[in-house]
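What follows is a set of notes on a single structure, which appears directly below.
Each value in this text was obtained by applying a stated rule to the coordinates, not by laboratory testing. Note that this is a predicted model, so its numbers are computed, not measured. Using ideal geometry, Cβ is built from the backbone for each residue, glycine included, and neighbour counts are taken over all protein chains shown.
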């Protein structure tokens, strides 16, 4: 049988750096996710705390809501 233990030695060198890089990537991803979540919360809060003067109001038209036509017509 051949000794194959030396074939994998070249791949073992970066294992420690890969774990360290993975932890930094996870930490960076968590920080970015929390920042985005915080920005959405602040935006939603500011959206809900608007001044009442900023909200558009739909007002009714002056005068009667319904009027009789001059020539009613209809089915004859």
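Tabulated results
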quantity	calculated
Packing-based ranking, highest mean first, of 35-48, 61-74 given that Cβ atoms within 10 Å are counted	35-48, 61-74
Contour excess over end-to-end distance, with Cα ends at residue 60 and residue 4 and 0.36 nm allotted per residue	11.4 nm
Where labels lie 7 Å past Cα in the beta-carbon direction, separation of residue 37 and residue 71 in nm	7.0 nm
